1. Checking the structure you have, find out if any residue of region A:354-362 is out of contact with any Phe, Trp or Tyr (no Cβ under 6 Å at 6 or more places or on another chain), at negative phi, in a helix (DSSP H, G or I) and not hydrophobic (A, V, I, L, M, F, W, C).
2. Within the set of pairs 6 or more residues apart or between chains, which connect a residue that is within 21 Å of A:C195 (Cα to Cα) inside region A:263-281 to a residue that is among the β-branched types (V, I, T) and part of a loop (DSSP other than H, G, I, E, B) with Cβ atoms less than 9 Å apart?
3. Name the strands (runs of 3 or more DSSP E) wholly inside region A:1-62 in which the number of residues that are charged (D, E, K, R) is 2 or more.
4. What residue, among those in region B:63-107 that are open to solvent by 60 Å² or more (accessible area, probe 1.4 Å) and under 30 Å from B:A38 (Cα atoms), is nearest to the other protein chains (Cβ to nearest Cβ)?
5. What pairs come up if the first residue lies in region B:120-133 and is touching a residue at least 60 places away in the same chain (Cβ under 8 Å), the second is hydroxyl-bearing (S, T, Y), and their beta carbons are under 8 Å apart, counting only those six or more places apart or on different chains?
6. Which of the helices (runs of 4 or more DSSP H) found entirely inside region A:174-290 contain at least 2 residues meeting this: open to solvent by 40 Å² or more (accessible area, probe 1.4 Å), among the acidic types (D, E) and more than 30 Å from A:E164 (Cβ to Cβ)?
7. When only residues in region A:366-387 that are open to solvent by 10 Å² or more (accessible area, probe 1.4 Å) and basic (K, R) count, which is farthest from A:A3 (Cα to Cα)?
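The values are calculated or read from the model by the stated rules, or taken from the named source; none is laboratory data. Remember, predicted model here, so these are calculated numbers, not experimental data. When we count neighbours, we look across all protein chains shown, and the Cβ atoms used for this are built from the backbone with ideal geometry, even at glycine. Surface accessibility is based on the protein's heavy atoms, side chains included, excluding ligands, DNA and RNA. Shrake-Rupley method; radii C 1.70, N 1.55, O 1.52, S 1.80 Å.
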Amino acid sequence: MRAVTWQGKHDIRVETVADPQIVTPRDAIVEVTSTAICGSDLHLYNGVIPGLQPGDILGHEFMGRVVETGPGSTLEVGQRVVVPFTIACGACFCCRAQQFSGCDNSNPVEKQLASETLYGHAVAGFFGYSHLTGGYSGGQAEYVRVPFSDVGPLVIPEGPTDEEVLFLSDILPTGWMAAENAGIGPGDRVAVWGCGPVGLFAIQSAFLMGAQEVIAIDHHPHRLDLARDLGARSIDYRHSDVTEALQEMTAGLGPDAVIDAVGMESHGFAPDNLLDRVKQKAGVGIDRAHALRMAILAVRKGGRVSIPGAYGGIAGSFPLGALMEKGVEIRSGQTHVQRYIAPLLERILAGEIDTTFLISHRLSLEDAAEGYRMFARNQNRCTKVVMTPDRLLRTTAKGSGNV
Amino acid sequence: MSRRPSEFLKVSAAALVPAAAVTLAWWRHDSQKRRDDAPLRSLRAPPLNGRQTAGYSVTIHQDADSIRRFLRDPAQLAGVLAPEISLRDAGDGRLTWICQTREGEAGLTTYTEEEAGTMIWRSDTGTAEVQLRLRCAPADRGTEVHAAVTWQSGGLPALMPHLLKTTLPGPAETCRKTLRRLKMLLETGEIATSSRRRAG
């Protein structure tokens, strides 16, 4: 089969590799019909997430049709499914508590030690990510082996297009959980750092949860336009002092809740960010946490901080004093996709949520390297790249190319 | 009259070495005086009697009887051990554990005991012991399985086992992996792997 492989920093190649097989009883094999490049794939592309090996198959946002099942799978051949990026067993303490991204049993034993040492506990397995998260082959490929297929994949009825439901695999539930973690209720004023896919879906979710006002912060004009289209007010940090602007826009109170949808590759010319950048380049730090620091300083006293942005290591100059002295609550975590995926599908089918506005580029899987390059270099215009395996493009004659 | 720098260094070293030795001895002596309820294996400094302990604990969402039944069956037990370890039935309820090492094959025969909820595999030479203590976990979380491996350090210098415990995979790592596999198998029916294709 054809698959998108990571070969090193900024080196993505589409290669022919052996097809996956059913390995354990609860497996299914899914033929991928649509897959997307996620903002967190760029962390891999930029080489800031450790634990990748040349030849690893990328991709954790994908959907397709079931073509083979193991004896323990509840799926049926021919079913159309969206697959959560988190792999969860459904039986351990975390899964039973609906905290699927904490699954104890999906990260292979021999891969657990690194994250156990780094984070205190081993993390769950993810598709197409670092070997810290299991080293599972991802969905930017023609076929994928899906472990614990009786727990994760959601069967999609005929009707909605792939593009209408694809983002249930990660970014829509991630945006939703970000808003939920921010404890948003009616009348709240919310600030969202980062108008990438997760930030934009967090804005959408915040309004659905009753937020009175959402303020979006970024420096890409097109992304800020998308945020405004969703009803948010905007701050371009290249032109305005964010802290001062937020103080003014909330009449001195500060936002009730703040969401850091930026994560470990924060931009900006602030001294702390420049120091983080030097550390990241030198390999002595993983995270550039400038957006998070700003968010903590901006949130009102007694406010809530939600962190859906991906962080992987240790950040210095963390404003612990502000957290404590202002009595700020902080919540974070990889997304418990399995918890949110079904109710969010209902909202899509009911017409409450439309995610297709995000898609800026449609490509063949064969053009993945160009997709990565474009997404990394032009984050203003390139908001989401969706790819389809070339074989399917030929059979359905849908064509490809930029929108 | 001022001393040359090299003499100064010698005098400083002469003073520092005994001071360091006294500090180390005090630290080791102090660390042996246990004043807490932490498991023995979490001792920062290994005991002075040469007996080393490593261990690991997991909570398994299964009742204790199912776990005991699994562990009493050598065929099932072998399924969660590291690939380099195999089991042979040595008769009379004894098991021989075969470990493939770089030097060749090493074997250890144990007999199994059960004492008040604890399963014990004790070597017939008395040099090693594996204890698995099963305890009901709170709030419907299943069963806590606490493993402790005790072995004779074989005359290694006093500090070496401590270094080995922290720097090299050994009994502690084997213990961790085995219990993790046990948990996976009993909770999910399979042991997770990221392999895309079947072995062989």
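1. Yes, that holds for at least one residue.
2. Between residues of region A:263-281 that are within 21 Å of A:C195 (Cα to Cα) and residues that are among the β-branched types (V, I, T) and part of a loop (DSSP other than H, G, I, E, B), the close pairs are A:M264/A:V48; A:M264/A:I49; A:M264/A:I286; A:E265/A:V48.
3. A:11-16
4. B:D63
5. That search, which allows pairs on different chains as well, returns B:L132/B:T118.
6. Because the criterion is at least 2 residues that are open to solvent by 40 Å² or more (accessible area, probe 1.4 Å), among the acidic types (D, E) and more than 30 Å from A:E164 (Cβ to Cβ), the helices (runs of 4 or more DSSP H) in region A:174-290 that meet it are A:242-249.
7. Filtering region A:366-387 for residues that are open to solvent by 10 Å² or more (accessible area, probe 1.4 Å) and basic (K, R), the one farthest from A:A3 (Cα to Cα) comes out as A:R381.
So that you can scan it fast, the table gives a plain yes or no per residue for (1) β-branched (V, I, T); (2) modelled with pLDDT of 80 or more:
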{"position": "B:A106", "(1), (2)": "no, no"}
{"position": "B:I120", "(1), (2)": "yes, yes"}
{"position": "B:A128", "(1), (2)": "no, yes"}
{"position": "B:Q131", "(1), (2)": "no, yes"}
{"position": "B:D140", "(1), (2)": "no, yes"}
{"position": "B:Q152", "(1), (2)": "no, no"}
{"position": "B:P157", "(1), (2)": "no, no"}
{"position": "B:P161", "(1), (2)": "no, no"}
{"position": "B:S195", "(1), (2)": "no, yes"}
